[in-house]
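Take a look at the structure below.
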Protein chains: 2
Amino acid sequence: MLLHTIDDVRRARKEWKGLTVGLVPTMGALHAGHLSLIKKAKETCDKVIVSVFVNPIQFGPSEDFDKYPRTIEKDYELCKDAGVDIVFAPSPKEMYGEGQRLSNDTLTYVCPPFFYVNKLCGKTRTGHFDGVCTVVLKLFNIAQPDYAFFGQKDAQQAVIIRKMVKDLNIPVEIIQCPIVREESGLALSSRNKYLSEDGKKDALVLSRILNNIKACYSKGITDISALKETAYSYLTDRHDLEYLEILDKNTLEEQEKANNDSIALIACRVENVRLIDNIYLGE
Amino acid sequence: MLLHTIDDVRRARKEWKGLTVGLVPTMGALHAGHLSLIKKAKETCDKVIVSVFVNPIQFGPSEDFDKYPRTIEKDYELCKDAGVDIVFAPSPKEMYGEGQRLSNDTLTYVCPPFFYVNKLCGKTRTGHFDGVCTVVLKLFNIAQPDYAFFGQKDAQQAVIIRKMVKDLNIPVEIIQCPIVREESGLALSSRNKYLSEDGKKDALVLSRILNNIKACYSKGITDISALKETAYSYLTDRHDLEYLEILDKNTLEEQEKANNDSIALIACRVENVRLIDNIYLGE
């Protein structure tokens, strides 16, 4: 069932009293990564809602909101095939009302803590995680799921959403699912569509850097500078590295030494497409 | 039933499947104003939860958090007599965890829009409404009520909470209840306890000013400056006026002329106790 209004979702949701409900929030342009979340939701819950919404308030003014891929017909077919009960694809007007500027002058926002935001992607994407938390809370309040499913690919987002759920006592359990990769190692992303064939080859460097860091850690190297330095031999002038960090996977705090709770995270532009990837060192 | 933990409330709440639940959020020191909210909740809902929590994150560093009156035994007796099902009186540690500074460095906050906050009480009480919205959303997520009850006394708070509920699609209906006054006209407030007998007499000026503005409006005066100027003859050197405003009651926007949607709001210190009051001009 493809629904476009909040009221329709609430009405359908009410019919499911006593059943467990899973929500998979997406921005559409679904790929095998999203489908792995949907599969997990189907296994965990009686009913599954997938939201497809390119959320304007999580994009900065110079980001790719307008050109972000929108493929709702194909998304809906994929969801139907995967046994999804409701695909919720609202308009920005349905989510944020009409005629008001979308800013904290006029809208109530959920603001995750500065210590979690002021690093990694949050450093360059000002306001991004406020926008993410706000829309995720709205979707939670609309769909009222028992479980919600997020990918490890957006690692900082997953940490921030778990923190939001804890801080605001939100009655939803967050299930995090592993990154899905192409055979080449490239982490799946809707933004991979922007890349040329050459760009896709250059993009492999992200997962290679992370795998190499993990291999070095497995061999006993725990010095974080030393681990990070192994990256530079992979980078060429076609790579614009934004960050490479090794942090605590639960709190995103800096560590003195890498350990089994460490996560290595990378963001890098290839052909001006911003790509991210990460790996747990301890698994 | 007096409960102190979030888990206990969730457990009790689960037993009420299919029944309507009302929440009356308070900071305790209950008076007849709170009891009018509880009465309305009892009339509206099958089950009623009253929260009693002096919320640290809505007090500024120079405000009266430490000396704010705490009378939980008496509050609990009043609630029992009024037929309340659950009194939820958590500790700050239960609500915000242990050992972390309570700030937006470390906690997820709900931030109401600047246009609603940057006026009236919000102008002097920096961060106050962020703290209010955050704790109210937490209480909503813990108690999961169908209805929540707020007094018109805190008019700006009521507008901001309705805005939060709309912006974040919170599945709770907000019921606003009229101000309860002493026979003298003084609006009930837990902070009235701080006043001496002389102070209570001086405090009557707030309601007198508002009643006079309403009387003038009823006689046809709609010029806002003229209406506000009627206040000054009431004020003495024992009154420290913080604001007197006439605004749109739903949006708190300035108006060209007073009309039936106007609200007059006053904040004034008497014996250094900050008192607020308001009146709808059109009712």
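Where a number appears in this text, it was derived from the coordinates with a stated rule and is not lab data. The structure presented is a predicted model; accordingly, all values stated were derived computationally and were not measured. Positions of Cβ are generated from backbone atoms using ideal geometry, with glycine treated the same way; all protein chains shown enter the neighbour counts.
Does region B:141-240 come out rounded, prolate or oblate by the C-alpha gyration tensor, with a ≥ b ≥ c the root eigenvalues, rounded set by a/c under 1.5 and, if not, prolate when a/b is larger than b/c and oblate if not? Oblate shape, in that a/c is at least 1.5 and b/c is the bigger or equal ratio.
If both residues of a DSSP beta bridge must be in the protein assembly as shown, then about 55% of such bridges are antiparallel.
Here's how it looks for B:Leu2: its modeled amide H is under 5 Å from those of B:Val87, which are all 5 or more places away or on a different chain. Helix B:32-44 and the long axis of chain B differ in direction by around 60°, with both axes built from C-alpha atoms. Taken residue by residue and averaged, Cβ atoms of other chains lying within 10 Å of the Cβ of B:136-142 number 4. Note: relative contact order over chain B, using C-alpha pairs below 8 Å and six or more positions apart, is 17 percent. Among A:Leu137, A:Leu3, sorting on how many other beta-carbon atoms sit within 10 Å of each Cβ, with the fewest leading, yields A:Leu3, A:Leu137. Loop-located trypsin sites (Lys or Arg not before Pro) in region A:195-272 (DSSP state not H, G, I, E or B) with no more than 10 neighbouring Cβ atoms inside 10 Å: A:Lys219. In this structure, the amide hydrogen of B:Tyr109, modeled 1.01 Å from its nitrogen in the peptide plane, lies closer than 5 angstrom to those of A:Cys111, counting only residues at least 5 positions away or on a different chain.
Each other copy places its own label point for B:Thr222 at 7.6 nm from this one, sorted shortest first, where the point lies 7 Å along the Cα-to-beta carbon line. Helix B:128-143 and the longest principal axis of the C-alpha atoms of chain B enclose an angle of approximately 40°. Compared with the dominant principal axis of the Cα atoms in chain B, helix B:197-218 is inclined by about 70°. All other residues whose Cβ lies under 10 angstrom from that of A:Ser207 are scored, Lys and Arg at +1 and Asp and Glu at -1, for a net of 0.
A DSSP coil position with no more than 10 other Cβ atoms inside 10 Å describes the following trypsin sites (Lys or Arg not before Pro) in region A:64-146: A:Lys67, A:Arg101.
For A:Phe53, the residues whose modelled amide H falls within less than 5 Å of its own, excluding neighbours fewer than 5 places apart on the same chain, are A:Thr26, A:Met27, A:Gly28.
Summing charges over neighbours of B:Ile224, with a neighbour being any other residue whose Cβ is under 12 Å away from its Cβ, gives -4 when K and R count +1 and D and E count -1. Label points for B:Tyr234 are taken 7 Å from Cα along Cα→Cβ. From this copy to the others they lie 7.1 nm apart, shortest first.
Centre-to-centre, using Cα atoms only, region B:53-90 and region B:196-245 are separated by 30 Å.
B:Leu186 sits among other residues whose Cβ lies under 11 Å from its own Cβ, and their net charge, with Lys and Arg +1 and Asp and Glu -1, is 0.
Bridge orientation summary for chain A: considering DSSP beta bridges with both residues in this region, about 50 percent are antiparallel. If R0 equals 35 Å, the separation of the Cβ atoms of A:Asn272 and B:Ser103 corresponds to a calculated FRET efficiency of about 0.40.
By the count of other C-beta atoms within 10 Å, a proxy for reagent exposure, B:Ser262, B:Ser196 are ordered fewest to most as B:Ser196, B:Ser262. As a size descriptor, the averaged projected area of the C-alpha convex hull of region A:2-177 was calculated at 9.8 nm².
Can you pull out the GluC sites (Glu not before Pro) in region B:18-127 that DSSP calls coil and that have at most 15 other Cβ atoms within 10 Å? The qualifying sites are B:Glu63, B:Glu98.
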